[in-house]
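Notes follow the structure.
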Amino acid sequence: MGLFSKLFGKKTHSQNIRQRPNQPDVIRVQTEDDKMNWAMEKAKLTLHYFEKSLTNPQPRQQYFSIKVKIVDGEKIEHIWLTQPSFDEEGNLFGIVGNKPIDVKNVKIDQKIEIDRALVSDWMIIENGRLIGGYTIRAIRDNLSGTELKNFDKGLGGMIVDDGEDYFLPSDVTPEGAIMLIEEAYDEDNLEKAINCKDFYAEAELMLSKMGKGDLGKEVVEKTAEVLKLSFIKSLQDSGMPKFKGIIRAFPKREKISDNHIIVTEICYYPDGGKSMQRLNTYKTEDGWKVLNPVD
């Protein structure tokens with residue numbers, strides 16, 4: 001039994017199931033599902049790591065596959081491709097890994113070229129661990145009991161932990177903003193770290209939690225200045241935390257509003273330790289900023 005059969009050959013009661021003639025059953029997750037939509041977005045935001053690894057694979061990387069959106073008129077199906085490759089212009093090629101159910105414009109074992117904008121997931125197996133595979137994780141997160149055991153059994157021993165995420169340090173996404181401030185810490189760059197923060201939003205959030213959210217702009221500004229000075233003093237007194245060599249995963253987003261998202265960050269340390277924190281992030285006119293952790 002191939003890897004695709006192991007991954008997608010299990011039925012569940014919590015998802016819709018379609019059957020392929022003489023092929024493993026396919027788990028269907030509703031496209032409006034928030035967890036699945038986030039999984040596909042996450043795959044796009046971290047695709048650079050997959051492409052870089054595919055260009056220069058390391059001994060620890062044993063398997064590569066990529067999932068794409070196939071459009072056939074009004075029909076849409078997301079299908080995994082084996083033997084993926086990119087040409088010099090960034091065009092994506094791969095071999096259809098399963099017999100399609102809904103679309104008729106591709107067939108199993110056919111080599112196709114497709115726009116990279118249609119990528120919906122990617123996966124690498126590194127030292128037996130699943131890296132990427134965000135839609136697989138979204139399906140797995142909806143399972144429990146016997147369904148979960150059977151799903152994991154079908155993975156053939158592949159380890160599905162919190163993974164390892166490769167967001168680019170940037171203020172374009174909440175996770176990127178966290179990576180950016182951690183990059184500033186590694187560089188001992190105080191000014192850069194300060195620019196990754198929004199002390200006014202942090203003050204508003206703190207005062208609101210204290211039941212004092214209606215004290216006026218002047219109070220918020222004074223509170224923000226105190227928070228900024230406290231942040232600077234803490235880094236000067238204790239030194240900046242270091243993240244080089246730490247594996248980081250961002251398994252969860254909690255949307256409070258369009259401008260306020262709580263991100264869960266999990267850190268794996270070289271000594272085997274592990275930590276988790278939930279960080280407030282806030283979107284400003286200058287991009288996403290990092291606020292204090294959630295108490």
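How about segment 244-295: which of its residues are β-branched (Val, Ile, Thr) and either surrounded by 18 or more Cβ atoms within 10 Å (Cβ to Cβ) or without any contact (Cβ under 8 Å) to a residue 40 or more places away in the chain (or both)?
246, 256, 261, 262, 263, 264, 266, 281, 290, 294
Of the conditions (1) in contact (Cβ under 8 Å) with a residue 24 or more places away in the chain; (2) over 30 Å from residue 39 (Cβ atoms); (3) surrounded by 19 or more Cβ atoms within 10 Å (Cβ to Cβ), residue 223 fails just one. Which one is it?
Condition (1) is where residue 223 drops out.
Tally time: how many residues in segment 123-151 are more than 26 Å from residue 45 (Cβ to Cβ), in contact (Cβ under 8 Å) with a residue 12 or more places away in the chain and not polar (S, T, N, Q)?
Total satisfying the criteria: 1.
Residue by residue, here is whether (1) aliphatic (A, V, I, L, M); (2) within 30 Å of residue 51 (Cα to Cα); (3) over 30 Å from the mean Cα position of the chain (by Cα); (4) not in a loop (DSSP other than H, G, I, E, B) holds:
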{"site": "166", "(1), (2), (3), (4)": "no, yes, no, no"}
{"site": "178", "(1), (2), (3), (4)": "yes, yes, no, yes"}
{"site": "229", "(1), (2), (3), (4)": "yes, no, yes, yes"}
{"site": "256", "(1), (2), (3), (4)": "yes, no, no, yes"}
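Using beta carbons and a limit of 6 Å, which pairs, at least six apart or on different chains, have the first residue in segment 33-56 and not assigned by TED's automatic domain parsing to the domain that holds residue 133 and surrounded by 16 or more Cβ atoms within 10 Å (Cβ to Cβ) and the second one at pLDDT 95 or above and not basic (Lys, Arg)?
Matching pairs, first to second residue: none at all.
Would you mind stating whether residue 136 is under 21 Å from the mean Cα position of the chain (by Cα) and at pLDDT below 95?
Taking the combined requirement at face value, the residue satisfies it.
Which residue pairs have Cβ atoms closer than 8 Å, lie 6 or more positions apart in sequence or on different chains, and pair a first residue in segment 228-241 that is assigned by TED's automatic domain parsing to the domain that holds residue 182 with a second residue that is surrounded by fewer than 13 Cβ atoms within 10 Å (Cβ to Cβ)?
240/188
The values are calculated or read from the model by the stated rules, or taken from the named source; none is laboratory data. These figures come from a predicted structure and were not determined experimentally. Backbone-built Cβ (ideal geometry, glycine too); neighbour counts: all protein chains shown.
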